[in-house]
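The values are calculated or read from the model by the stated rules, or taken from the named source; none is laboratory data. Being a predicted model, the structure only gives us computed values, none of them experimental. Glycine also receives a Cβ, built like all others from the backbone with ideal geometry; neighbour counts cover every protein chain displayed. Note: accessible area is taken over every heavy atom of the protein model, side chains too, but ligands, DNA and RNA are not part of it. Shrake-Rupley method; radii C 1.70, N 1.55, O 1.52, S 1.80 Å.
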Amino acid sequence: MREDLLRNPVFAMAATQFDLVADFLGLNDELRQRTKWPKRLITVTVPIRHDDGSTKVYFGHRVQHHLTRGPVKGGLRYHPAVDLGEVAALAMWMNWKCALMDLPFGGGKGGITCDPRSMSMGELERLTRRYTMEMIPFIGEDIDIMAPDMGTNEQTMAWMLDTYSTHAGRLVPGIVTGKPLGLQGSAGRSQATGHGVAFLACRALNKLGIKLTDATAVVQGFGNVGSHAAYGLANSGVKITGISDVTGAIWNAGGIDTRKLRDHVAARGSIMGFPGAEPIDPAALLCQPCDILVPAATDMVITGENAPKLKCRILAEGANGPTTPDADKVIDARGDIFLIPDILCNAGGVTVSYFEWVQNLQRFQWSEREVLTKLETMLESAFSRVLVFADRNKLSHRMAAQALAVKIVADVKAQRGLFP
Ligand code: NAD
């Protein structure tokens, strides 16, 4: 199994990052092994009937990296490239993210290998309900709580909640987060990740002494994270000059009106054809001059090849794992890019998911202002901890964030001891 996981490039990348951090922390071999490998790797088959009457069997996964510090928390992804190794890597990063943000959770991730863009609503509903049924022995509001990720949304969470609650014979709102407000979702959850990305990118601009209204940003991905990061930055006065999605990329040096783009995407399902910008090659978009580059789509898009060509001052990682270890080496050597690592930059989502879960357990609703204020306080505190630790130990921001997080998990493992 170790070798199977390591054959996946995304897991190999997460494992390489972990090994570097474990070396820095001087973890002994026992703690290193116990902290690195996932606790549970679950794979299920998910057979569903398609609208044309045919039956198709999908493969679904859930990886629970650790239950050491509390229930597992993490998203559910629908994408053609999903496999167990990628899900395990994302679960590991979630684990460090929860520790860094001081949330009482272990990390988890789920995924189904499918192409949601080619499936009808009925097919997606049957897929989600059957996957939830298959997962029932392994999940619960104090065991494992899922949330939206790429290719899933609040409707997916509503179907999961309904399936689980029907099985339980009572409403169990805490079984998922990122659900609709009417089903006890949290105010502020849908924009939380992108809001956090924009908040931290603005904090980085402050650190670099760049005025928000003089700054420009390029955003890769215009889904949940990318669109809300773009709105948040635009609301702060930053000019959004380039945006891409899976269908292509657009550019306007004078600034893209993100609200008009939202309406265009709602009508057309794609950013392409937007009258307020010109098409541009998606790979070239990443290397355009800008103050903030926000990868908010998929993993491993900043590589050893394009990292030397980046012309951004700040790399704000909205996506999970967008930067490969080779690219990290280039960025470290360049020394002119302020990196906000994924486990910090996109932690707004899991932090507000935590708030949603707490509200569900307490049967209590907080206002949007309360949620976003608490979120900003927690992000600000984690941002400061990472910068101080990096500065003190002469580390990159990624190493500093991961070292702080891995140490928290390893310390708790040592305190709990080895059972039996
Ligand atoms: P989403 O499905 O809502 O949106 C994904 C966007 O990326 C879409 O606009 C899609 O067209 C675009 N895209 C896909 N492949 C692309 C490519 N090759 N080039 C350019 N654009 C591409 O997903 P999301 O929830 O916004 O998640 C995006 C990333 O953020 C993922 O890495 C996810 O793990 C991470 N993330 C999401 C959350 C959350 O709360 N949703 C939280 C933390 C991290």
**Q.** Electrostatic dipole magnitude of the chain [Cβ: Lys, Arg +1; Asp, Glu -1; Cα centre; debye, to 20]
**A.** 680 debye
Q | Fully extended contour minus Cα-Cα distance, from S120 to E368, at 0.36 nm per residue | A | 86.0 nm
Q) Among K179, K56, K374, which one moves the most in a GNM of the chain with springs linking Cα atoms closer than 10 Å? A) K56
Q: Report, in deg cm²/dmol and to the nearest 500, the calculated mean residue ellipticity at 222 nm for the chain, where each DSSP H run with n ≥ 4 adds -39500 (n - 2.57) and the sum is divided by the residue count.
A: -15000 deg cm²/dmol
Q.
Compute a Gaussian network model of the chain, connecting alpha carbons closer than 10 Å, and tell me which residue from A12, A405, A91 fluctuates the most.
A. A12
**Q.** Total formal charge among the other residues, if their Cβ is under 15 angstrom from that of W251, Lys/Arg +1 and Asp/Glu -1
**A.** -2
Q. Of all DSSP beta bridges in segment 179-300, what percent run antiparallel (nearest 5)?
A. 45 percent
**Q.** Heavy-atom accessible area per residue - the chain, 1.4 Å, Å²
**A.** 40 Å²
(Q) Quick check: pseudo-label points 7 Å beyond the Cα along Cα→Cβ at L361 and E30, how many nm apart are they? (A) 3.0 nm
(Q) Quick check on segment 2-174: of the DSSP beta bridges with both residues there, what percent are antiparallel, nearest 5%? (A) 60 percent
Q.
Which one, T68, L6, M146, is farthest towards the positive end of the dipole of segment 2-174 when Lys and Arg carry +1 and Asp and Glu -1 on their Cβ?
A. T68
**Q.** Cα coordinate range in segment 2-174, projected on the principal axes (Å, largest first)
**A.** 56, 35, 22
Q) What is the dipole size for segment 2-174, taken about its Cα centre, with +1 at each Lys and Arg Cβ and -1 at each Asp and Glu Cβ, in debye to the nearest 20? A) 220 debye
Q: Within 10 Å, count the other beta carbons around each residue, average over each peptide in 320-326, 136-142, and list them highest first.
A: 320-326, 136-142
Q: Calculate, axis by axis, the spread of Cα positions in segment 192-345 along the three principal axes, and write the results as whole Å, longest axis first.
A: 43, 29, 27
**Q.** Value of Rg/Rh across segment 217-298 [Cα atoms, Kirkwood radius]
**A.** 0.90
Q. Which residue, F338, F24, F199, tops the fluctuation ranking in a GNM of the chain built on C-alpha contacts under 10 Å?
A. F24
Q) What is the distance, in nm, between label points placed 7 Å from the Cα along the Cα-to-Cβ direction at D4 and at D411? A) 3.5 nm
(Q) Could you check the spin-label model distance between E380 and A168? Points 7 Å from the Cα along Cα→Cβ, value in nm. (A) 3.5 nm
Q: Residues in segment 384-402, backbone N under 19 Å from the label point at D23 (7 Å along the Cα-to-beta-carbon vector): list them, ranges by number please.
A: 390, 393-402
**Q.** Among I210, N252, P341 the positive-end extreme of the charge dipole of segment 192-345 (Cβ point charges)
**A.** I210
**Q.** Check: segment 192-345 dipole with +1 on Lys, Arg Cβ and -1 on Asp, Glu Cβ, in debye
**A.** 460 debye
Q: Would you mind giving the three semi-axes, in whole Å and largest first, of the ellipsoid equivalent to the chain according to its Cα gyration tensor?
A: 30, 27, 21
Q | Cβ-based charge dipole, the chain, positive-most Cα from F389, V330, G242 | A | F389
